[in-house]
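One structure below.
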Amino acid sequence: MEMYRFIMVLAFLICEGNMEIINFSGGLKSNYTFPKDFVFGVSTAAIQIEGAWNEDGKSESIWDHLIHTNPGFVRDGSNADVAADSYHLYKRDVEMVHELGVDIYRFSISWARVLPTGLANDVNPLGIQYYRNLIEELLKYNITPMVTIYHWDLPQKLQEVGGWTNAHIVDYYTDFAKVLFDNYADKVKYWTTFNEPMQTCLEGYGGTYRAPALNRHGIAEYLCTHNLLKAHANVYHLFDSNYRSIAGGKIGISLDSNWAEPKTDTPKDREAAELYLKTHVGWYAHPIYSAEGNYPPELIKLVDEKSRLQNYSRSRLPKFTTEEIAYIRGTADFLGLNHYTTYLLSMADKEVGSIPSHENDVGIVRVQDPKWPSKSSSTWLKVVPFGFRRLLQWLTKTYNNVPIIVTENGFADFDGEDDKARVSYYRHYLNALLHSIHEDRTNVRGYFAWSLMDNFEWDEGYTSRFGLYLVDFKSPNKTRTAKRSAKQYASVVASRRLPADYDPEDFTAFSGASVMIPTVLPLIPLYRLIV
């Protein structure tokens, strides 16, 4: 083993400059530290923690409706009616954020709590006051609030008139954002318009994995995305024109993306990996962050051609006008990135997915290597830190050194306070991030751990836990207790470096082996890709 380490380090040192060598963790052990202006945070979402689903004027959201009418949707038959009860325990939540020592707390605002009908003619003063109390409590501890305007919980009343497939949703969402800006823009410096819009549209409208579980694949995911991007641009321009100067605020959008690694080193699989990125994260990023705007040309070509072959009178992918392309392009001060894992990609050799569907339109297959470390309560969450580094590199190269804030990254388990696997996950992914910043020269400005506390984890209910703080959901006070990972994160935030005992080759928290031999991987230096 020691000889293997020596050879690996030697290979790193003698490379001729056209290739770096990284290990499975995304980089060797280093003395790198996070820059002084780098911000650390922690994230949550309203419906996952607040509870009080029908208190003080709040109406039903699409998630409330889905799990009340289809209790079998959730693995353990639970719901979010009480969750972590943050509606009543927000002061304890803020104490926990303070204990971690982070700079920013990212939380979402429930549309149905602020506007019970979904429309701005009926503003709920108790909803407004709840979030004002939360914001003022954060400011008391010198914690910067970061507000996610929409995190999946559309008012059910709006869904009943089409939700994100109704073109009028652009105006309804803009009105909602204006109410928030009018009330909080003087105190909130960071905003994100949407959290993981691909989950909303692809999984919620096209599929059945997220609310409203519409299952209108091939049609609804494209209508949803089209309206959502217009709504995002509307709110950016509203903020930029009328509210930015109030607190010198910034606004962006949080996009989710896995890394796409070619399944084999063949041109066809490399093409599949690139196509996956362009037609998934690029589906939302390209209209906003690219120089030319609009949907990725690869996606336009694929959907247009599939629609023609399927005898549609027009493409199932709606078209932006020239004016709309220009209006949407450049509408973000930063790119929020939510990242958890990596997949292996290959081109499909036959039809895949339902017909029609986005999956079928794109025609690629993704799998994961069963040898990758895991031991997560979420079966999809394989631990592949080098994928995080490569994704940051790809986004930086593709979108011209865009400022990136990692708005979510974390690990799900079944464990309690001694959460060794989560501790290890954060070490490896933060190591990959440090190498990304210092060696690849990516423009990453901040990092948010997901999540502050255990919460209602969507269709997995309370069987899967992402929290830095353990929540006793059976206790009347939903007692919160810092896990080992919380203490480690606080230490990293304070010291701005990884723990001294971090070993990039140690994956024993997942694999059970004494040491996992690192996989040596080529990584083209970023500066060679962007010149």
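Contact map, the stretch 68-83: residues that are touching a residue at least 12 places away in the same chain (Cβ under 8 Å) paired with residues that are part of a loop (DSSP other than H, G, I, E, B) and open to solvent by 50 Å² or more (accessible area, probe 1.4 Å), Cβ distance under 9 Å, separation 6+ or inter-chain. Pairs shown: F73/T208; N79/W53; A80/W53; D81/W53; D81/N54; V82/W53; A83/W53. For the stretch 448-473, residues that are within 27 Å of R210 (Cβ to Cβ) and open to solvent by 20 Å² or more (accessible area, probe 1.4 Å) total 7. Residue-level analysis places I364 outside the set of residues that are touching a residue at least 12 places away in the same chain (Cβ under 8 Å) and farther than 29 Å from V444 by Cβ.
Set side by side, the residues K420, K397 differ, and just one is basic (K, R), modelled with pLDDT of 95 or more and under 25 Å from K487 (Cα atoms), which is K420. In the set (1) of a type outside the set (S, T, Y); (2) within 28 Å of K250 (Cα to Cα); (3) open to solvent by 10 Å² or more (accessible area, probe 1.4 Å), A213 fails one condition alone, (2). Taking the criterion of being open to solvent by 20 Å² or more (accessible area, probe 1.4 Å), in a helix (DSSP H, G or I) and among the charged types (D, E, K, R), the residues of the stretch 360-399 that qualify are R390, K397.
Kindly establish whether R270 is part of a loop (DSSP other than H, G, I, E, B) and either more than 19 Å from the chain's Cα centre (by Cα) or within 17 Å of F176 (Cα to Cα) (or both). It is false that R270 is part of a loop (DSSP other than H, G, I, E, B) and either more than 19 Å from the chain's Cα centre (by Cα) or within 17 Å of F176 (Cα to Cα) (or both).
Okay, residues lined up against (1) under 23 Å from A231 (Cα atoms); (2) of a type outside the set (A, V, I, L, M); (3) open to solvent by less than 60 Å² (accessible area, probe 1.4 Å):
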{"site": "G248", "(1), (2), (3)": "yes, yes, yes"}
{"site": "A272", "(1), (2), (3)": "no, no, yes"}
{"site": "A291", "(1), (2), (3)": "yes, no, no"}
{"site": "E324", "(1), (2), (3)": "yes, yes, yes"}
{"site": "Y327", "(1), (2), (3)": "yes, yes, no"}
{"site": "G330", "(1), (2), (3)": "yes, yes, yes"}
{"site": "D333", "(1), (2), (3)": "yes, yes, yes"}
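On inspection, K487 qualifies as in a helix (DSSP H, G or I), open to solvent by 50 Å² or more (accessible area, probe 1.4 Å) and of a type outside the set (S, T, Y). For the stretch 71-107, residues that are surrounded by fewer than 24 Cβ atoms within 10 Å (Cβ to Cβ), within 25 Å of T193 (Cα to Cα) and of a type in the set (S, T, Y) total 2.
Count of the stretch 441-466 residues, restricted to those that are touching a Lys or Arg at 6+ places or on another chain (Cβ under 7 Å) and outside any helix (DSSP H, G or I), is 5.
Of the residues making up the stretch 328-345, just one is of a type in the set (G, A, S) and within 30 Å of D413 (Cβ to Cβ), namely G336.
Scanning the stretch 340-359 for residues that are within 30 Å of V406 (Cα to Cα) and either of a type in the set (A, V, I, L, M) or open to solvent by less than 40 Å² (accessible area, probe 1.4 Å) (or both) gives Y340, T341, T342, Y343, L344, L345, S346, M347, S357, H358. Answer yes or no: is there a residue in the stretch 59-70 that is within 22 Å of S485 (Cα to Cα), in a loop (DSSP other than H, G, I, E, B) and either β-branched (V, I, T) or modelled with pLDDT of 95 or more (or both). Looking for residues that are within 22 Å of S485 (Cα to Cα), in a loop (DSSP other than H, G, I, E, B) and either β-branched (V, I, T) or modelled with pLDDT of 95 or more (or both), one finds none in the stretch 59-70, hence no. Within the stretch 433-445, residues that are at positive phi and in contact (Cβ under 8 Å) with a residue 12 or more places away in the chain reach partners that are assigned to a helix (DSSP H, G or I) and surrounded by fewer than 24 Cβ atoms within 10 Å (Cβ to Cβ) with beta carbons closer than 8 Å, at six or more positions or on different chains, in the pairs R441/T396; R441/L526; R441/Y527.
Only one of the numbered conditions (1) in contact (Cβ under 8 Å) with a residue 24 or more places away in the chain; (2) under 20 Å from I404 (Cα atoms) is violated by H286, and that is (1).
The values are calculated or read from the model by the stated rules, or taken from the named source; none is laboratory data. On a predicted model such as this, the values are computed, not experimentally measured, just so you know. Cβ sites come from the backbone with ideal geometry, for glycine too, and all protein chains shown count toward neighbours. Quick note on the areas: whole protein, heavy atoms, side chains included, nothing else; ligands and nucleic acids left out. Shrake-Rupley method; radii C 1.70, N 1.55, O 1.52, S 1.80 Å.
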